[in-house]
Amino acid sequence: RRGPSMAPKTVWCFYTVQNDAGDSADNPNAFRVRFAGEVPTLADVRASFPLRHSGSFHFRFRLAAKGGKDPKAYVHLDAVRDEDAVPRFGQHLIARVLRLDNLTTVSRRAVALRRRAVPRAALPATRASASAAAAAPSAPAAPAAPAASAADASAAARMTPEELEDSKLPPLPPGELDDDLKGKDPAVASRIQRRRNRQAAKVTGIIGGLRGAAATEAAASEERFRVKAELKPVLDAWAHESGGSQKDIRALLVRLPDVLWEGAAWKPVTMGEVLAPNKVKIAVRRAQLVVHPDKLPSLGVRERYIAEIVFDTLQQAYNRFEDSQ
């Protein structure tokens, strides 16, 4: 038997979103997946996915190919159910993500455009209508419908919403085009240039975001190092006897107020209140609810560091206590 709860684990997930400008396997995005079981599941990945609030997504995970001579060979495994375990490739998760909302939107738009594009004059004539036409007196021929309308609609159906909007805009001046686009049809060159401009802006935003995240993480690491140097002697004195051995679980629970931060929702206990084994279990559960890392996302670096050390120390001490019963 083990403790009332287990410490959460994390694994890095590297991913690219298919058909998103700026995303490539050479420069993937990344996020941490927090999970409590033996292995992460699709539900864990979805819960930590940074884009989870922006639509629906399908995940394919890289899996090492078995039996091959190349150790880098792999296949992709589609994860469908939330309870599906997701495989690691090496030490990390590597995923290809498909944005399902885009598929639905493009499909509906393409169907609508194709339906509108078929002119009634282009429909095949029935025998009755052909006979009536032959019997009717000849009349001046009506102007033929533009032959390119169906082709234009087919091309429009393959465009993204941004490209459709671009097609309605006037051509860009030659000075705003890249050198390789000069000499092309002005409308085509302008659409390509506007698409490149959007991609460049997105890449610039991604790079800026990564730099900002890196700076934030570096600052947090520096703050954690400072907090660790300050609090380690206090936490060591709470967790260990003078000889270096870890204290009994009851002593840790009784002296818990010595290390908790101000405002922590912990009601102190006396030694008499935790003499019975079942009372120890109850007190440990209460303490772990107070210091569980998942329940403290809004606290500062100092409080989260205390919570992590206290959580792990109580878990280890309770495991030894249960083994001794």
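The values are calculated or read from the model by the stated rules, or taken from the named source; none is laboratory data. None of these values were measured; they are calculated from a predicted model. Cβ placement follows ideal geometry from the backbone for every residue including glycine, while neighbour counts extend to all protein chains displayed. Quick note on the areas: whole protein, heavy atoms, side chains included, nothing else; ligands and nucleic acids left out. Shrake-Rupley method; radii C 1.70, N 1.55, O 1.52, S 1.80 Å.
For the structure I just gave you, tell me whether Leu42 is open to solvent by 50 Å² or more (accessible area, probe 1.4 Å) and of a type in the set (A, V, I, L, M). Reasoning before the result, please.
Working: open to solvent by 50 Å² or more (accessible area, probe 1.4 Å): no; of a type in the set (A, V, I, L, M): yes.
Criteria not met by Leu42.
When Ser48 is tested against (1) small (Gly, Ala, Ser); (2) open to solvent by 60 Å² or more (accessible area, probe 1.4 Å); (3) touching a residue at least 12 places away in the same chain (Cβ under 8 Å), only condition (2) is not met. Restricting the first member to region 207-228 and to residues that are in contact (Cβ under 8 Å) with a residue 12 or more places away in the chain, and the second to residues that are among the aliphatic types (A, V, I, L, M) and surrounded by 11 or more Cβ atoms within 10 Å (Cβ to Cβ), the beta-carbon pairs closer than 8 Å and six or more apart or on different chains are Ala220/Val301; Glu223/Val301; Arg224/Val301; Val227/Val301. Inspection of region 15-27 finds a residue satisfying the criterion of being under 24 Å from Ala200 (Cβ atoms), assigned to a strand (DSSP E or B) and open to solvent by 50 Å² or more (accessible area, probe 1.4 Å). Here is the figure for region 256-272: residues that are closer than 18 Å to Glu303 by Cα and open to solvent by less than 50 Å² (accessible area, probe 1.4 Å) total 6.
The one condition from (1) at pLDDT below 90; (2) open to solvent by less than 80 Å² (accessible area, probe 1.4 Å) that Ser298 does not meet is (2). Each residue in region 32-86 was checked for being part of a strand (DSSP E or B), within 17 Å of Leu98 (Cβ to Cβ) and of a type outside the set (A, V, I, L, M), and 8 of them qualify. For region 212-228, the candidate set comprises residues that are under 26 Å from the mean Cα position of the chain (by Cα) and closer than 22 Å to Leu260 by Cβ; within that set, the residue that is surrounded by the most Cβ atoms within 10 Å (Cβ to Cβ) is Arg224.
Has region 262-272 got any residue that is in a helix (DSSP H, G or I) and within 35 Å of the chain's Cα centre (by Cα)? Within region 262-272, not a single residue is in a helix (DSSP H, G or I) and within 35 Å of the chain's Cα centre (by Cα).
The rows are residues; the columns are (1) modelled with pLDDT under 90; (2) in contact with a strand residue (DSSP E or B) (Cβ under 8 Å, 6 or more places away or on another chain); (3) in a helix (DSSP H, G or I).
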| residue | (1), (2), (3) |
| --- | --- |
| Ala201 | yes, no, yes |
| Gly205 | yes, no, yes |
| Leu210 | yes, no, yes |
| Val234 | no, no, yes |
| Ser242 | yes, no, no |
| Pro257 | no, no, yes |
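What are the pairs with Cβ atoms under 7 angstrom where one residue, in region 293-311, is of a type in the set (Asp, Glu) and the other, located anywhere, is open to solvent by 80 Å² or more (accessible area, probe 1.4 Å)? Sequence gap at least six, or different chains. Here the result reads none, with nothing in region 293-311 linked to a residue that is open to solvent by 80 Å² or more (accessible area, probe 1.4 Å). For Leu275, are the conditions met, namely being aliphatic (A, V, I, L, M) and open to solvent by less than 80 Å² (accessible area, probe 1.4 Å)? Considered against the rule, which asks whether it is aliphatic (A, V, I, L, M) and open to solvent by less than 80 Å² (accessible area, probe 1.4 Å), Leu275 comes out as no. Selection over region 190-208 of residues that are open to solvent by 70 Å² or more (accessible area, probe 1.4 Å) and either in contact with an Asp or Glu (Cβ under 9 Å, 6 or more places away or on another chain) or among the polar types (S, T, N, Q) (or both) gives a count of 7.
Filtered by the rule that a residue be part of a helix (DSSP H, G or I) and either buried (at least 17 other Cβ atoms within 10 Å of the Cβ) or charged (D, E, K, R) (or both), region 244-255 gives Ile249, Arg250, Leu252, Leu253, Val254.
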